[in-house]
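Have a look at the structure below, then the notes.
The values are calculated or read from the model by the stated rules, or taken from the named source; none is laboratory data. Note that the structure is predicted; figures quoted are calculated from it, not measured. Virtual Cβ from ideal backbone geometry, glycine too; neighbours counted across all protein chains shown. Side chains included, ligands, DNA and RNA excluded: accessible areas come from the protein's heavy atoms. Shrake-Rupley method; radii C 1.70, N 1.55, O 1.52, S 1.80 Å.
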Amino acid sequence: ILSRNAIIASAIGHADNITLFEKLSDKKFITPTQFGNYLKEIYNSTIEEFEQSKAKLTKDITTQLTANYGKQILNLNEQIIASKALYEKTIIESNKNHSGQLLNLTNQLKSFEDLAKKTTEEKTNLHLTEVTNLKKQIQDLTSMHQSQVTQINNLQAEQIKALNEQIQAIKNQQSQKDKLIEQANNLVSNYQQQLQLAQSNSKTN
């Protein structure tokens, strides 16, 4: 016994007699039944710790992944909101600039039209030319404004589409995470079944 490196347990069953073997043992049990109960308690405690560790690991992974995906989706939603706000601000500024320029050109046009009525024929022709040019400028300005609005709308649509695609990708990753967790649970269940089978075979032997 002294030369062995293994842990020695004694369960002789002689409660009234203390043998030398018991004195040299690392762990002493009154009867083999008590020793069996001790091993059973260790087994049950190990299984319980394993179940708790499995549940905690699954919960921690689920919580962490859910938080990460939730944060990414929140960031993308914030980007969509910011993009919409920028889009609205751009449209407002564009409309404001267009209105100001249009009002200025309209006032100039009215001034030239009024002047054309009071001048000689030569000056009238000159002012009519100016009027024509101003009308063309107004038309060009309106066309340019409409083109800018169309470009802004297209850009906004592309940005929202890209952000929605990122959100869908995150949701797909979330689905893959759920599948991985399910596979982990299946592996744990298989391990438990093998453990129970090994316990049953041990009892049979």
If you bin the C-alpha pair distances of the chain every 10 Å from 0, what whole percents do you get? 7, 15, 12, 11, 10, 9, 8, 7, 6, 5, 4, 3, 2, 1, 0
Answer with one residue from Asn133, Asn68, Leu102: the one whose Cα lies farthest towards the positive end of the charge dipole of the chain, charges on Cβ with Lys, Arg +1 and Asp, Glu -1. Asn68
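If you put +1 on each Lys and Arg Cβ and -1 on each Asp and Glu Cβ, how big is the dipole of the stretch 1-158 around its Cα centre, in Debye rounded to 20? Each step should come with its number before you reach the end.
On the way: 18 positive and 18 negative charges, 18 e Å.
That gives a dipole near 80 debye.
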Taking all protein chains in place and a 1.4 Å probe, what share, in percent, of the accessible surface of the chain do carbon and sulfur account for? 54 percent
Averaged per residue, what accessible area in Å² does the chain show with a 1.4 Å probe, protein chains only? 76 Å²
Residue among Ile152, Ile80, Gln192 farthest towards the positive dipole end of the chain, charges placed on Cβ: Gln192
Per the helix-only calculation at 222 nm, which mean residue ellipticity applies to the chain, given -39500 (n - 2.57) for every DSSP H run of n ≥ 4 and division by its residues, nearest 500 deg cm²/dmol? -32500 deg cm²/dmol
What is the total of Lys pairs in the stretch 16-89 with C-alpha atoms under 29 Å apart, excluding same-chain pairs fewer than 8 positions apart? 11
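Given 0.36 nm per residue, what is the gain on full extension from Thr19 to Gln173 after removing their alpha carbon distance, in nm?
Result for the pair: 48.9 nm of gain on full extension.
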Which whole-number value in Å³ per residue fits the convex hull of the alpha carbons of the stretch 55-164? 58 Å³
For every other residue with a beta carbon closer than 15 angstrom to the beta carbon of Asn154, add +1 if it is Lys or Arg and -1 if Asp or Glu, then tell me the sum. +1
Under the Karplus relation with 6.51, -1.76 and 1.60 and θ = phi - 60°, whole-Hz ³J(HN,Hα) for the stretch 92-104, x at Gly and Pro, equal 4, 5, 5, 5, 5, 4, 5, 5, x, 5, 5, 5, 5
Gyration tensor (alpha-carbon) shape descriptor, the stretch 12-112, a/c threshold 1.5: prolate
Compute the distance in nm between two label points, each set 7 Å from the Cα along the Cα-to-Cβ direction, one at Thr33 and one at Leu86. 8.0 nm
Take Ile73 and Lys110, extend 7 Å from each Cα along the Cα→Cβ direction, and tell me the distance between the two endpoints in nm. 5.6 nm
Förster radius 25 Å - calculated FRET efficiency between Gln193 and Gln64, Cβ distance, rounded to 0.05: 0.35
